[in-house]
Amino acid sequence: MKKFDKERVLLAVAGPVIALAVAFVLSAIVLVASGKNPVEPFAVMFEQAGFSDIQVLIINQASMYYIAALAVAIGFRMNLFNIGVDGQYQLAAMTAAVVGAHADLPAALQVPLLLLTAVLTGAFWSGIAGVLKVTRGVSEVVATIMLNAIATSVIAYMWLPDVFGVKVGNNNTTGEMHESGWIPGIDLGAAGEIYGLVLLAVLLGIGYWVVLNRTRFGFDLRASGASSTAAAASGVDPGRMVLTAMLLSGGIAGLAGLPILLGDTHTYSLNFPTGIGFLGIGIALLGRNSPVGIAFASLLWAWLDKASPELDFHGYDKEIAVIMQGLIVLSVVVSYEAVREWGLRRQQRRVGAELAAGHVLGAHNNTTKEVAGR
Amino acid sequence: MRRISRITVAGAATASLALALSACGGTSTSAGSSDSKGDKGLAIAYDVGGKGDQSFNDAAYAGLEQAKKEFGYQTADVEPTEGETGADKEQRLVSLAKQGYNPVIGVGYAYASAVKGAAEKFPDTTFGIVDDETINAKNVADLVFNEEQASYLAGVAAAKSSKSKVVGFVGGVDIPLIHKFQAGFAQGVKDTDPKVKVLSQYLTQTAEEGGFASPDKGKTAAEGQIEKKADVVYAAAGLSGQGVIEAAAAKKVWAIGVDSDQYEQEALAKYKDSILTSAMKDVAKAVYSLAKSVEDGKPETGIVRGDLKTGEVSLSNSNPKFADDAELQEAIKTAKEKIISGEIKVKSS
């Protein structure tokens with residue numbers, strides 16, 4: 001049993017490590033091909049990771065990536081591809097900002113109200129795709145992509161001055177939220193402030209692990225993901241599982257924008273970061289849908305984002321980081337598949353070897369031993 | 001198992017597509033390395049789109065080039081990353097100020113909060129922000145423009161030139177900044193000839209969807225308006241405007257350009273006979289003037305407004321067919337004088 005675990009850890013770690021190594025090497029080749037020093041950019045970026053203000057930026061950004069990636073990962077575990085995390089979190093942040101600007105309760109009620117608003121908005125938006133899939137058989141991929149576009153339009157509508165919009169200069173905002181809904185950060189002096197909701201990201205990660213690995217619902221979810229027919233045969237209602245998984249995924253997605261909304265901007269404006277939902281897909285893949293893996297992956301992504309701008313000041317292009325992110329995603333797929341097959345072959349070989357050993361034994365003794373050898 | 005890996009591949013394909021899309025905006029920049037000594041001057045930080053947008057980012061770069069040549073100091077221009085937050089923008093400005101660049105200009109209203117934060121940290125550096133007037137600090141110059149005034153004149157030109165009595169407006173992204181262009185244009189048309197109908201269309205709701213960077217979208221929109229009998233189309237759509245101009249040239253109707261004098265642009269040389277005029281917004285001059293004021297030791301501060309009076313917004317006169325049309329020129333001249341004297345108040349939304 002012990003040995004089996006080591007084997008699994010080896011296989012789990014080999015994929016990402018190989019992918020990263022390949023991505024580094026390929027990026028270096030790109031640099032050499034464009035006549036640049038292939039090592040210095042990485043040195044600069046590693047150096048950046050040592051600065052406290054950059055670390056704060058990395059952690060803040062990673063918290064949002066992490067939540068978005070968890071939302072995607074829940075879908076993946078169930079064999080659902082929620083590509084609509086992007087629309088879900090933006091719409092949820094929008095409604096939370098609007099509620100925060102108009103409701104003014106004591107902080108103890110205001111903050112839960114805002115979190116709930118975001119969760120419900122996200123769940124509602126992904127729920128549409130879930131209902132369509134369960135009742136009409138519409139692919140959730142198509143439905144959520146469409147819903148992304150609709151979310152953009154809904155947000156634009158809510159920005160209208162006679163709806164919820166407040167114009168500040170040339171910017172559309174939703175007005176400043178009441179201070180009771182602001183979540184104080186961890187003040188690190190000159191280095192900046194870590195968003196208070198980074199803690200929420202950690203809690204969500206723990207919750208994700210507990211639900212998936214220690215509850216019946218989690219088991220049903222993983223079972224449905226592995227084989228929906230087998231799960232249905234053992235009494236799991238596939239329709240209900242799809243809907244629940246979509247709602248859960250959307251609900252978590254709804255929280256992805258809140259760290260910056262409640263911790264920094266306090267309004268939903270044209271500057272609100274977009275695209276986190278799409279990045280979450282790559283991060284969930286790299287993290288292999290595991291809460292720890294996703295944590296590393298989102299930190300890696302955030303590091304590439306936050307350390308690369310410095311490259312501009314050293315005569316390199318910061319797009320190197322984007323190239324690298326792309327290469328990582330590509331090599332992740334290849335290396336995971338390769339490692340999986342390698343693991344499978346290794347397993348087969350070992351079983352074969354044991355069988356062969358069984359045969360030898362069986363030749364001396366009787367056939368029952370050979371069966372036991374399996 | 002197989003289904004899982006198929007979904008993995010689909011996910012990876014999408015993710016890499018998203019990355020590929022987001023990588024499009026960037027071009028190589030050549031900022032000076034931080035360890036080189038010497039006199040450091042103007043630095044600009046671009047908004048999404050960056051250098052090469054044929055629009056106001058490029059105009060800002062032109063101002064930077066001029067300052068660099070004239071004052072002979074080291075300059076820097078830095079591009080944003082996709083989906084970044086205000087904190088990243090502030091980090092960028094702080095980093096520039098820390099290296100000794102002065103002034104530091106954020107191009108685009110998205111830099112508002114970043115400029116505010118950075119200006120507090122570096123009180124001795126002059127900061128500039130283009131297209132925003134909400135920052136009120138001693139060391140910040142708000143470089144804003146009355147785009148609606150030039151657009152009003154474009155509306156006058158359009159109404160005078162239209163035979164079908166239908167004109168079109170194509171906006172890049174549905175945001176307040178572009179609403180100013182539309183409002184001025186529509187008012188100019190109506191004041192000149194109330195019978196002329198204005199068709200308006202915005203290409204996208206958000207800049208991320210490419211409203212400022214998709215000539216194909218601009219072309220489709222313009223073709224639709226031309227089909228509805230529009231014979232003058234005005235594009236305030238950044239790079240997408242090239243598509244509008246292309247469509248107008250193909251259908252032999254007039255196009256009105258924006259931001260810079262598009263009649264003179266090399267990329268549009270093929271279509272220049274269809275470009276009636278351009279509603280110009282001289283970001284280059286505003287950027288250069290701020291750099292000059294810092295160089296002269298009297299840095300600009302507060303709201304620095306470019307309008308018809310200062311000449312930082314204007315209508316270009318490089319198409320001879322437009323410049324030689326006496327009646328048209330007369331109408332534009334009268335409108336311009338009335339705007340400057342305050343007789344005509346141009347709406348901005």
Next on the checklist: If I fit a long axis through the Cα atoms of helix A:216-226 and take the longest principal axis of the Cα atoms of chain A, what angle between them do I get, 0 to 90°, rounded to 10?
Outcome noted: 70
Checklist outcome for this item: Computed from the beta carbon distance with a Förster radius of 35 Å, FRET efficiency for A:Ser139 and A:Val351 to the nearest 0.05 stands at 0.40
Checklist entry - For region B:202-227 and region A:243-314, what is the separation of their Cα centres, given in Å? => result 29
Checklist entry - Once Rh is set to the Kirkwood radius over Cα pairs, what Stokes-Einstein translational diffusion coefficient, in µm²/s, holds for region A:60-315 at a temperature of 10 °C and a viscosity of 1.306 mPa s? => result 85
Checklist entry - Leaving out same-chain residues fewer than 8 places away, which lysines sit with a Cα under 16 Å from that of A:Lys167? => result B:Lys180, B:Lys347
Checklist entry - What ranking do B:Lys321, B:Lys281, B:Lys68, A:Lys6 get, fewest neighbouring Cβ atoms within 10 angstrom at the top? => result A:Lys6, B:Lys321, B:Lys68, B:Lys281
Item to check | Residue mean of other protein chain beta carbons inside 10 Å, A:265-276 | outcome: 5
Checklist entry - Taking only Cα atoms, what is the 0 to 90° angle, nearest 10, from helix A:198-214's long axis to the longest principal axis of chain A? => result 30
Checklist outcome for this item: In this structure, the FRET efficiency calculated for B:Ser200 and B:Asp296 from their beta-carbon separation, with R0 = 35 Å, to the nearest 0.05, is 0.25
Item to check | Neighbour-count ranking [beta-carbon atoms within 10 angstrom, fewest first] of A:His102, A:His178, B:His179 | outcome: A:His102, A:His178, B:His179
Checklist entry - Using alpha carbon centroids, what distance separates region B:233-259 and region A:83-140, in Å? => result 40
Next on the checklist: With only alpha-carbon atoms in the gyration tensor, what are the semi-axes of the equivalent ellipsoid for region A:86-132, in Å, largest first?
Outcome noted: 23, 10, 7
Item to check | Amide hydrogen neighbours beyond the local backbone of B:Ala76, cut-off 5 Å, H modeled | outcome: B:Ala43, B:Ile44
Checklist entry - Angle, helix A:2-33 long axis vs. longest principal axis of chain A, Cα atoms, 0 to 90°, nearest 10? => result 60
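For region B:147-176, run through the trypsin sites (Lys or Arg not before Pro) and keep only the ones in DSSP coil with at most 14 other Cβ atoms within 10 Å of their Cβ. Can you show the working numbers first?
Details: sites: B:Lys160, B:Lys163, B:Lys165; in loops: B:Lys163, B:Lys165.
Those that pass, being in a loop and sparsely packed, are B:Lys163, B:Lys165.
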Checklist outcome for this item: Partner shielding of A:305-314, taken as the mean number of other chain Cβ atoms within 10 Å, equals 6
Checklist entry - A:Lys6 versus B:Lys228, label points 7 Å from Cα toward the beta carbon: distance in nm? => result 7.3
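Taking the highest mean first, how do the peptides A:313-322, A:280-289 order by number of other beta carbon atoms within 10 angstrom per residue?
A:280-289, A:313-322
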Checklist entry - Tell me, what is the Rg over Rh of chain B, with Rh the Kirkwood radius over Cα pairs? => result 1.01
Checklist entry - Counting only complete DSSP H runs, which helices of chain B cover 20 Å or more along their long axis at the Cα atoms and score a mean Kyte-Doolittle of 0.5 or above? => result B:2-23
Checklist entry - In peptide B:109-118, how many Cβ atoms from other protein chains are near each Cβ within 10 Å, on average? => result 3
Checklist outcome for this item: Normalised Cα Rg of the protein assembly as shown, dividing by 2.2 N^0.38 Å with N its residue count, works out at 1.07
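If neighbour count is taken as other Cβ atoms inside 10 Å, put A:Thr274, A:Thr229 in order from fewest to most.
Taking fewest neighbouring Cβ atoms as first place, the list is A:Thr229, A:Thr274.
Readers should treat all values here as calculations from the given coordinates under stated rules, not as data from a laboratory. Being a predicted model, the structure only gives us computed values, none of them experimental. Cβ atoms come from the backbone with ideal geometry, glycine included; neighbour counts cover every protein chain shown.
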